[in-house]
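Single-structure report; data block below.
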Amino acid sequence: MKEYWTSLASLLGVLAFCQSLLQVVFPPELRFATVKLLNRMFHLFSSYCYFDITEIDGVNTNELYNAVQLYLSSSVSITGSRLSLTRALNSSAITFGLSNNDSIADTFNGVSVLWEHVVTQRQSQTFSWRPLPEEKRGFTLRIRKQDKSLILDSYMDYIMEKANDIRRKNQDRLLYTNSRGGSLDSRGHPWESVPFKHPSTFDTLAMDPIKKQEIMDDLKDFANGQGFYQKTGRAWKRGYLLFGPPGTGKSSMIAAMANYLGYDIYDLELTEVHTNSELRKLLMKTSSKSIIVIEDIDCSLTLSNRAKSNNVSTNGIRSSYGDMGEMRGGGGEDGGNTSITLSGLLNFTDGLWSCCGSERIFVFTTNHIEKLDPALLRSGRMDMHVFMNYCSFPALKILLKNYLGLDESGVDGVVLKDLEDVVDKAEMTPADVSEVLIKNRRDKVKAVRELLEALKVRAERISEKNIVRLRAKGSEYLEEEQEKRALESPKEGREFEKEEESDCKKGNDEKQESTTTTIKK
């Protein structure tokens, strides 16, 4: 045993001597140059080239590193043998990632690439205003030299776009509203936000399936139409007008659009905007991939016809500003002095300032479309007009499925036929139908029965109102006819008197002429 330790000590001494000799014969500068030369020779004869993407570029975070990390967390990373699981702040999904010093293959346009996640300890911490992490992280991309131009030209752009989609899909959507009086928050932004948790989707939206599919196709074409809008020279935006009676699902439609596209919502309160410049600043602070909403535009500001009057009221539009009059918002602390012009609102939706961002949707809602100025209704400002009507039979079936879990086979055929016959006559909104179903959702049979009774009562009431309205119209028609005859009667009497006077005068003339003839004889 003693001889073993003696031999080991001798071997270590020889190795230490050799190392010292190498350091003397081959100084560090020479060894570094030799390694560098060998690496160059290796890369010269190798068929691959390598690209490093570090986490921190100097003192700033490398956005490309984050994009690659998100991209590899998609379905391609599930095939890896060792994965790390993460869940970011304000995120509703768990993402996958490569573990330390693990690698994974990917394919783009038929070209195979290899990604390796390289993690090493940072040797020394240099002085910096921003402390650096102890570990140095980065990705190494290995591709064939012959595929270098193809990969670098489009692969990186594809990764950035894919990462943005994943980030938007995973993170919670936000609902923004403009600060009162145009004030700024702690970060200097004029918008305040809360997480947007509305569960409405196009599957749960009570609407005619054909019209619903038409809207979904239009939204999908818009979201995928960047190339089309660039080719045609149009700003990448679209306007929707949702109009109809209250309770027909206009707000639910907006929520379904946001959930379908994964967009944030900016709820613009016009009565809190003082000037056109504030309106432009609000627009400039909105992000792309968002929906800008102005609800009940006929109530927030009086948008009457510009040609009606030169001076309507303090809440109306005055045409003294030319074609675009002045709009004044009411209810402000400053006594109603807040004012923006119709021209400012039109430029907000369809002017040069509306092009300061991309992929944005403007949605206006109103209960009275006839009150809106025609300038707001034309294409380019409100491209698609969606009439939110009363509950129809297809929408009723969706509500039965949502609230009671019943499809057509779960409802008695006779009852279903009665519902189909009466629902259009009842003119009930989806909100009213939903309330009846919610009230009795524990007893499905009772819920359907009470819904049918409520529809019949509403239909009878509307029928009686229609009869009364027709009778009123009939009586008005009779009164108009009587007034018309009364106005025409004096005229006929005067004409009759004139005819009698003419006949009498003619008779007197004939009689006088006869008398004169007799005297002459």
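The values are calculated or read from the model by the stated rules, or taken from the named source; none is laboratory data. Keep in mind the model is a prediction, meaning the values are calculated, not measured. We place every Cβ from the backbone using ideal geometry, glycine too, and count neighbours over all the protein chains shown. All accessible areas refer to the heavy atoms of the entire protein, side chains included, with ligands and DNA or RNA removed. Shrake-Rupley method; radii C 1.70, N 1.55, O 1.52, S 1.80 Å.
Would segment 411-420 turn up any residue that is part of a helix (DSSP H, G or I) and within 31 Å of the chain's Cα centre (by Cα)? Looking for residues that are part of a helix (DSSP H, G or I) and within 31 Å of the chain's Cα centre (by Cα), one finds none in segment 411-420, hence no.
Yes or no, residue by residue, for (1) closer than 22 Å to LYS401 by Cβ; (2) modelled with pLDDT under 90; (3) exposed (fewer than 10 other Cβ atoms within 10 Å of the Cβ):
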position	(1), (2), (3)
MET428	yes, no, no
ALA431	yes, no, no
ILE462	no, yes, no
GLU483	no, yes, no
THR518	no, yes, yes
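Contact map, segment 91-109: first residue aromatic (Phe, Trp, Tyr), second residue assigned to a strand (DSSP E or B) and at pLDDT below 70, Cβ cut-off under 7 Å, separation 6 or more or different chains; pairs are PHE96/LEU83; PHE96/LEU85. Enumerate the pairs (first residue in segment 196-207 and under 13 Å from LEU399 (Cα atoms); second residue anywhere and in a loop (DSSP other than H, G, I, E, B)) with beta-carbon separation below 7 Å, excluding pairs fewer than 6 apart on the same chain, so at least 6 apart or on different chains. Going by the 7 Å Cβ cut-off, the qualifying pairs are LEU205/GLY249; ALA206/GLY249; ALA206/CYS391; MET207/GLY249.
For segment 128-155, which residues satisfy the criterion of being modelled with pLDDT of 85 or more and in a helix (DSSP H, G or I)?
At the first step, the residues of segment 128-155 found to be modelled with pLDDT of 85 or more are 138-144, 155.
TYR155 - this is the single residue of segment 128-155 that is modelled with pLDDT of 85 or more and in a helix (DSSP H, G or I).
I'd like the full set of residues that are among the polar types (S, T, N, Q) and touching a residue at least 24 places away in the same chain (Cβ under 8 Å), limited to segment 232-275. Those that are among the polar types (S, T, N, Q) and touching a residue at least 24 places away in the same chain (Cβ under 8 Å): THR248, SER251, SER252, ASN259, THR271, THR275.
Here's the yes/no breakdown for (1) open to solvent by less than 20 Å² (accessible area, probe 1.4 Å); (2) farther than 22 Å from GLY249 by Cβ:
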| residue | (1), (2) |
| --- | --- |
| CYS355 | no, yes |
| ASP373 | yes, yes |
| MET382 | yes, no |
| HIS385 | no, no |
| ALA395 | yes, no |
| TYR403 | no, no |
| ASP412 | no, yes |
| LYS417 | no, yes |
| ASP421 | no, yes |
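Of all the criteria given as (1) buried (at least 18 other Cβ atoms within 10 Å of the Cβ); (2) modelled with pLDDT under 95; (3) closer than 30 Å to LYS397 by Cβ, the one not satisfied by MET253 is (2).
In this structure, GLY322 qualifies as at positive phi, surrounded by fewer than 14 Cβ atoms within 10 Å (Cβ to Cβ) and at pLDDT below 90.
Hey, any hits in segment 336-351 for a residue that's assigned to a strand (DSSP E or B) and surrounded by 21 or more Cβ atoms within 10 Å (Cβ to Cβ)? The answer is yes; a qualifying residue exists. Filtered by the rule that a residue be open to solvent by less than 20 Å² (accessible area, probe 1.4 Å), in contact with a strand residue (DSSP E or B) (Cβ under 7 Å, 6 or more places away or on another chain) and part of a helix (DSSP H, G or I), segment 256-278 gives MET257, ALA258, LEU270.
Taking the criterion of being crowded, with 17+ Cβ neighbours inside 10 Å, assigned to a helix (DSSP H, G or I) and free of Cβ contacts under 8 Å to residues at least 60 places away in the same chain, the residues of segment 433-460 that qualify are VAL436, LEU437, LYS444, ALA447, VAL448, LEU451, LEU452, ALA454, LEU455, ARG458, ALA459.
For ASN224, the criteria (1) more than 16 Å from the chain's Cα centre (by Cα); (2) over 30 Å from GLU427 (Cβ atoms); (3) open to solvent by 60 Å² or more (accessible area, probe 1.4 Å) hold in every case but one, which is (1). The residues listed here are SER354, SER339, SER300; of these, the one that is over 25 Å from the mean Cα position of the chain (by Cα) and modelled with pLDDT under 80 is SER339.
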